[in-house]
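The values are calculated or read from the model by the stated rules, or taken from the named source; none is laboratory data. The model shown is predicted, which means the values in this text are computed figures rather than measured ones. Here the Cβ is made from the backbone with ideal geometry for all residues, glycine too, and neighbour counts use every protein chain on show.
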Amino acid sequence: MSSEVILQAEGLVKHYPIRSGVLRRTVGQVKAVDGVTFDLRRGETLGIVGESGCGKSTLGRLLMRLEEPTAGRVTFDGIDMYAQKGAAMRKLRRDIQIVFQDPYTSLNPRKTVGDIIGEPFKIHSEVVPRGGRRRRVQELLELVGLSPEHINRYPHQFSGGQRQRIGIARGLALNPKVIICDEPVSALDVSVQAQVVNLMEKLQAELGLAYVFIAHDLSVVRHISDRVGVMYLGKMVEIGDEDQIYSSPTHPYTQALLSAVPVPDPTQRGHREQIVLTGDVPSPANPPSGCRFHTRCFRAQELCSQKEPELVDHPDGVGQHRSACHFAEVRQVLS
């Protein structure tokens with residue numbers, strides 16, 4: 001992993017309008033992503049975790065420019081992505097690709113595997129000459145552990161894990177530098193999840209890829225990630241190295257998430273403190289004032305409802321471990 005930053009998000013915001021009435025007037029906004037800042041280094045895996053609806057997938061789509069932001073910017077390899085247009089943007093898209101969550105709906109059932117994986121070559125014809133495309137598709141199938149003889153098969157002839165391998169092969173077709181992984185294993189069986197994650201780690205080592213790995217399974221994120229960012233209600237509340245987040249979390253929301261991770265060793269069950277959060281997640285259309293987590297926080301004080309905390313370095317003396325909490329403190333959760 002390099003120390004050089006390849007992808008950087010600065011103050012990223014995405015608000016969706018809420019429309020009502022015959023004239024479809026805007027009566028409010030869903031604040032899906034609200035001021036997210038982070039960076040990704042070459043060859044690194046940054047895991048993004050959080051509850052369903054916290055804005056993880058929207059963040060991934062913003063990084064791909066599949067959605068236009070309300071505010072903020074994304075810099076890729078020194079280039080402002082949202083300032084690019086036409087051919088310049090098309091060229092930039094070669095370097096940042098995505099693997100979607102559901103392998104059953106992200107592959108066109110009417111196209112063969114060869115057509116699906118080879119479709120990027122039609123859009124970016126300069127990458128592989130027409131005469132060499134079939135051979136390149138076969139190489140990609142081999143790279144992800146599938147037989148090149150399956151090039152003429154259709155998606156329904158593959159299992160879920162094999163379909164996700166096809167999606168990964170499609171993402172690798174243009175030799176990208178960064179891949180956005182939007183919950184790529186959440187729709188798969190546990191045994192198949194391990195195979196796909198191991199494949200992604202192998203490809204990263206061989207090709208020097210950087211991943212933004214979006215997931216809600218904390219054990220999967222811990223296995224694959226170098227750094228982890230925790231999101232809550234559109235905000236990044238804590239970010240740091242994998243061992244810092246899992247062994248010494250400082251934000252109460254991160255501590256609550258980790259305390260809910262199942263303990264595989266039955267002799268250790270009941271020996272770890274459980275943090276049970278009260279209440280429901282507030283609506284992103286009407287988030288609480290101050291710290292968005294204060295309505296469910298076991299450490300909340302009056303200041304938390306009045307002032308929004310900044311994401312700042314925590315003085316634990318190890319690397320960059322940032323937390324957005326007025327009363328952040330280290331709490332041992334997982335060993």
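Here are some notes:
- Matching residues in the range 45-67 - criterion: being within 21 Å of Lys177 (Cα to Cα) and over 10 Å from the mean Cα position of the chain (by Cα): Leu62, Met64, Arg65, Leu66, Glu67
- Selection within the range 166-194 - surrounded by 17 or more Cβ atoms within 10 Å (Cβ to Cβ), more than 24 Å from Leu92 (Cα to Cα) and not β-branched (Val, Ile, Thr): Ala187, Leu188, Gln193
- A single entry from Ser159, Ser225, Ser219 fulfils the requirement of being in contact with a helix residue (DSSP H, G or I) (Cβ under 6 Å, 6 or more places away or on another chain) and of a type in the set (Ser, Thr, Tyr): Ser225.
- The residue that is farthest from the chain's Cα centre (by Cα), among those in the range 166-187 that are farther than 13 Å from Gln97 by Cβ and in contact (Cβ under 8 Å) with a residue 40 or more places away in the chain, is Ile166.
- Selection within the range 201-213 - crowded, with 21+ Cβ neighbours inside 10 Å and either of a type in the set (A, V, I, L, M) or out of contact with any Asp or Glu (no Cβ under 8 Å at 6 or more places or on another chain) (or both): Leu209, Ala210, Val212, Phe213
- Odd one out for Glu206, checked against (1) in contact (Cβ under 8 Å) with a residue 40 or more places away in the chain; (2) within 13 Å of Gly43 (Cβ to Cβ); (3) more than 19 Å from the chain's Cα centre (by Cα): (1)
- Only listed residue being farther than 21 Å from Asp39 by Cα and part of a helix (DSSP H, G or I), chosen from Ala187, Ala205, Ala194: Ala194
- The lone criterion from (1) within 22 Å of the chain's Cα centre (by Cα); (2) polar (S, T, N, Q); (3) modelled with pLDDT under 95 left unmet by Thr70 is number (3).
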